[in-house]
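> A single structure is presented below for examination.
The values are calculated or read from the model by the stated rules, or taken from the named source; none is laboratory data. Keep in mind that this is a model prediction, so the values were computed, not measured. For neighbour counting, all protein chains shown are included, and Cβ atoms are generated from backbone atoms with ideal geometry for every residue, glycine included. Note: areas computed on protein heavy atoms with side chains; ligands, DNA, RNA excluded. Shrake-Rupley method; radii C 1.70, N 1.55, O 1.52, S 1.80 Å.
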Amino acid sequence: MELINTLLYYLNFSFVRYAIIVGVLIALCSSLLGVTLVLKRYSFIGDGLSHVAFGAMAVASVMKLSNNNILILPVTIIAAILLLRTGQNAKIKGDAAIAMLSVSSLAIGYLLMNVFSTSANISGDVCTTLFGSTSILTLKQSEVIMCIVLSIVVILTFVIFYNKIFAVTFDENFAKATGTKTDLYNLLIAVLIAVVIVIGMNLVGSLLISALIIFPALSAMRVINQFKGVVIASAIISVICALVGIFASILLSTPVGATIVAADLVVYLFAILVGRIK
């Protein structure tokens, strides 16, 4: 009872309500796309794009932009398109392209934050950006509105093009043979994941966002065999873990992003156990 009263007390604060709204939306969006990325073996693209977003954030900080997303969002989307195109190049395989781009972006971002730092606490700034330690609890109303708008766009796009995404995910060659523009829908998936990466950085940071995308999908796949069932279960798991992680971090004073990922990990281990019993 005391725990519930404590949570109700914290819900009186607007920054907690903002964190919950943004957390649920990001978890929902990332889980929808996570299933597609896992099945298409694009899991590492989330990791690569998150590092690109970190590099873009460092550049935006150096330029002292009033809204960092003005630069971060287009740069991450362009990187997603380049990764998709480069991954189809025989000279540079997809995994090598992702590794090359992610490491370069991470190094350049960290270098810029050190050389052109406007803060005395470099390690703190980098830690917050990489792991999302406190940024989710310091969101402004404008940032929450932007997150809501982008999340709605991602969800509606996924729902509208669900059948095409399903076809491209399971059998791209067959989909292409039936006249589906597979390159266009692969591009659409890449752009959507780039948007999710950018809005998800506030929740779990650039290093942990890929876990938020992959873990719920893997957990759902352990116990369900149908694509639609996996998508729905992944969304439910992701939202519940996000809520548990946010509430636990508030009550226990732990980093929000790491706590959410830990909750996802626990659910994944439980799903493995249930899958083996089945």
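> Is it true that some residue in segment 268-277 is closer than 26 Å to residue 50 by Cα, at pLDDT 90 or above and of a type outside the set (Asp, Glu)?
Yes, because at least one residue in segment 268-277 is closer than 26 Å to residue 50 by Cα, at pLDDT 90 or above and of a type outside the set (Asp, Glu).
> Which of (1) under 11 Å from the mean Cα position of the chain (by Cα); (2) farther than 28 Å from residue 156 by Cβ is the odd one out, the single condition residue 33 does not satisfy?
It is condition (2) that residue 33 fails.
> With respect to residue 70, is the statement that it is assigned to a helix (DSSP H, G or I), free of Cβ contacts under 8 Å to residues at least 12 places away in the same chain and under 23 Å from residue 148 (Cα atoms) true?
yes
> When you check residue 181 against the structure, is it basic (Lys, Arg) and either open to solvent by less than 70 Å² (accessible area, probe 1.4 Å) or modelled with pLDDT of 80 or more (or both), yes or no?
Numbers: basic (Lys, Arg): yes; either open to solvent by less than 70 Å² (accessible area, probe 1.4 Å) or modelled with pLDDT of 80 or more (or both): yes.
Yes, satisfied.
> Among the residues of segment 228-238, write down those that are open to solvent by less than 50 Å² (accessible area, probe 1.4 Å) and under 20 Å from the mean Cα position of the chain (by Cα).
230, 231, 233, 234, 235, 237, 238
> I need the full set of residues from segment 239-255 which are within 21 Å of residue 155 (Cβ to Cβ) and either surrounded by fewer than 24 Cβ atoms within 10 Å (Cβ to Cβ) or aliphatic (A, V, I, L, M) (or both), in order please.
If the condition is that a residue be within 21 Å of residue 155 (Cβ to Cβ) and either surrounded by fewer than 24 Cβ atoms within 10 Å (Cβ to Cβ) or aliphatic (A, V, I, L, M) (or both), then 239, 240, 242, 243, 246 are the ones that fit.
> Right, next: Among the candidates 196, 191, which residue alone is open to solvent by 10 Å² or more (accessible area, probe 1.4 Å), on the phi < 0 side of the Ramachandran plot and at pLDDT 80 or above?
191
> Also: Can you give me the number of residues within segment 76-128 that are closer than 30 Å to residue 255 by Cα, assigned to a helix (DSSP H, G or I) and either out of contact with any Phe, Trp or Tyr (no Cβ under 9 Å at 6 or more places or on another chain) or modelled with pLDDT under 55 (or both)?
22
> If the requirement is being open to solvent by less than 40 Å² (accessible area, probe 1.4 Å), in a helix (DSSP H, G or I) and of a type in the set (Gly, Ala, Ser), which of these qualifies: 258, 262, 217?
217
> Only one of 34, 55, 46 is touching a helix residue (DSSP H, G or I) at 6+ places or on another chain (Cβ under 6 Å) and at pLDDT below 75; which?
46
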